[in-house]
Amino acid sequence: MGKLQVAVTVPGKVEDVFRFVTACDAGGALVEADLPKKYGRLLQTVDGVHIFEEEREEKLQWRVRFEPPARRTMEAGDAKWSDRSDYFDAAPEGTRWTVIWHTKARGPVGLIQWMFFQFGGKKKVMQDVVQPVLDAFRPASGSPGVRDVS
């Protein structure tokens with residue numbers, strides 16, 4: 001199993017960044033209004049694991065566990081999708097947010113997936129996943145206030 005990773009420093013408090021990214025506050029309460037956009041439809045919660053169904057080409061189920069404000073894990077119910085872990089740690093400039101995708105591909109397929117991520121996919125992840133979070137926490141002065149630490 002391979003690992004694909006990005007990490008950035010977001011200029012905000014750990015609790016605030018965690019809530020914005022995960023739709024779960026530091027006390028563990030889910031922000032109901034944000035759940036459908038981030039995860040799809042909540043099907044059930046069993047022993048602290050929230051099971052969501054997301055509409056893609058086909059239906060995909062996610063098993064999501066929140067450990068506020070330090071970690072979120074998302075396990076894909078389909079072997080084609082990667083599992084994901086988000087870590088939130090205090091940093092001098094705000095919050096260090098690390099995203100790790102645990103791919104299920106092995107051998108040559110896993111190597112090709114890793115190469116694609118390094119030579120193009122990572123840029124798309126930074127643009128589509130990371131940049132909206134950085135923009136939300138950008139200081140009012142317009143200065144970026146962050147640096148890519150991956």
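The values are calculated or read from the model by the stated rules, or taken from the named source; none is laboratory data. None of the values given here were measured: they were computed from a predicted structure. Don't worry about glycine lacking a Cβ; one is built from the backbone with ideal geometry, like all the others, and counts go over all protein chains shown.
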Some residue of the range 17-33 being within 30 Å of Phe119 (Cα to Cα), modelled with pLDDT under 95 and buried (at least 17 other Cβ atoms within 10 Å of the Cβ): no
Residues of the range 85-102 that turn out to be modelled with pLDDT under 90 and crowded, with 18+ Cβ neighbours inside 10 Å, as a count: 1
Any hit, the range 68-83, residues being free of Cβ contacts under 8 Å to residues at least 24 places away in the same chain, part of a helix (DSSP H, G or I) and over 27 Å from Glu15 (Cβ atoms): no
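Table: residues versus (1) within 20 Å of Gln131 (Cα to Cα); (2) part of a loop (DSSP other than H, G, I, E, B).
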{"position": "Arg19", "(1), (2)": "yes, no"}
{"position": "Gly27", "(1), (2)": "no, yes"}
{"position": "Lys38", "(1), (2)": "yes, no"}
{"position": "Leu42", "(1), (2)": "no, no"}
{"position": "Phe52", "(1), (2)": "no, no"}
{"position": "Glu57", "(1), (2)": "no, yes"}
Check on Gln61, touching an Asp or Glu at 6+ places or on another chain (Cβ under 7 Å), at pLDDT below 95 and surrounded by 15 or more Cβ atoms within 10 Å (Cβ to Cβ): yes
